[in-house]
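Reviewing the structure listed below.
The values are calculated or read from the model by the stated rules, or taken from the named source; none is laboratory data. Remember, it's a predicted structure, so these values are computed and weren't measured experimentally. All Cβ positions, glycine included, derive from the backbone under ideal geometry; neighbour counts span all protein chains shown.
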Amino acid sequence: MKKISLILIVVISLLSTNLFAQVLDAPEEGARDSFYEKISFNKRIPFNFPYVREADVIWEWRVWRVIDFREKQNQVFYYPTTPEQGRVNLFYALEQAINDGRIKVYKDDEFKEEIDWATVKQSYSIISQITKDSIDIDGTEFQVTVDVPIELNTDDIKTLRIKENWFIDKQRTVQDVRIAGFSPIYYRAIEEGAAPIAYPLFWVRYDDPEVRELLANTEVYNFKNDAQRRTYDDIFLKRMFSSYIIRESSVYADRTISQYTTGDEALRESDNVKETIFNYEEDMWEY
């Protein structure tokens, strides 16, 4: 009888402990639109690149490429144009981080001169004239034309320019790439009817810890699975974007492909640069 009583006491204590543990492990109830609590985001640690010695880099080539958000594969950079379902587009995430003082931005792709984005943004505002009704002191109604500034918006950014370095590491016997930085591009026509001109708004240094942390914790849409959430850092690391090269290292310094060829020839030249980079690795090793 005593043994039975002892066994019952042990069983009851185990059940109560298990129930207590389940209560402690239960997530806090709060406002959410999912049937489970998403706790993995905002806690991701960016991937650490393998260390590369200068002596191990036997070949290096620098290129600049453009990601066009209008291509289907690249639409994750553009949408949503306003925050929705916990997702924001790349420019919105960058601008919020800049305004909060979490990341630094630079004037050009040499990352030497920091800029004040609030001041620079004002220079890209478009002045629009509107007519509105007004009343003077004696009650007479009249119309007046006023200038209204239209600020740069997130949906105005449709391309991204990337500066990256391709290299061969003899220690790991691989061809690899490192993104140096990227810049949102704003197209604006100086005169009515003229072709729009590309303006790099600011440059972000990719390997800054604050930038990597921001990209690694900003969710993007997954075309195949909502449960497998990706980040902008995943998109860059896994090269999950479509792009074309507009410039490469050359004796002409800052000359772009469009300065010496246009149209289909420019696209073919871009593909030739890509092919040269990948063929260089094949020609490097002996089997």
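Things worth noting here:
- Residue that is surrounded by the most Cβ atoms within 10 Å (Cβ to Cβ) [pool: residues in the stretch 242-287 that are of a type in the set (Ser, Thr, Tyr) and assigned to a helix (DSSP H, G or I)]: Ser270
- Any hit, the stretch 229-239, residues being of a type outside the set (Asp, Glu) and in contact with a Ser or Thr (Cβ under 7 Å, 6 or more places away or on another chain): yes
- Meets criteria (buried (at least 17 other Cβ atoms within 10 Å of the Cβ), under 20 Å from Lys158 (Cα atoms) and either out of contact with any helix residue (DSSP H, G or I) (no Cβ under 8 Å at 6 or more places or on another chain) or among the β-branched types (Val, Ile, Thr) (or both)) for Glu219: yes
- Ala198 vs. criteria farther than 28 Å from Gln175 by Cβ, among the small types (Gly, Ala, Ser) and out of contact with any His (no Cβ under 6 Å at 6 or more places or on another chain): yes
- Those residues of the stretch 185-206 which are touching a residue at least 60 places away in the same chain (Cβ under 8 Å) and not aromatic (Phe, Trp, Tyr), in sequence order: Ile185, Arg188, Pro200, Leu201, Val204, Arg205
- Within the stretch 197-216, considering residues that are of a type in the set (D, E, K, R) and surrounded by 16 or more Cβ atoms within 10 Å (Cβ to Cβ), the one nearest to Tyr186 (Cα to Cα): Arg205
- Residues satisfying the stated conditions in the stretch 214-262, i.e. at pLDDT below 90 and either among the hydrophobic types (A, V, I, L, M, F, W, C) or touching a Leu at 6+ places or on another chain (Cβ under 6 Å) (or both): Phe223, Ala227, Val251, Ala253, Ile257
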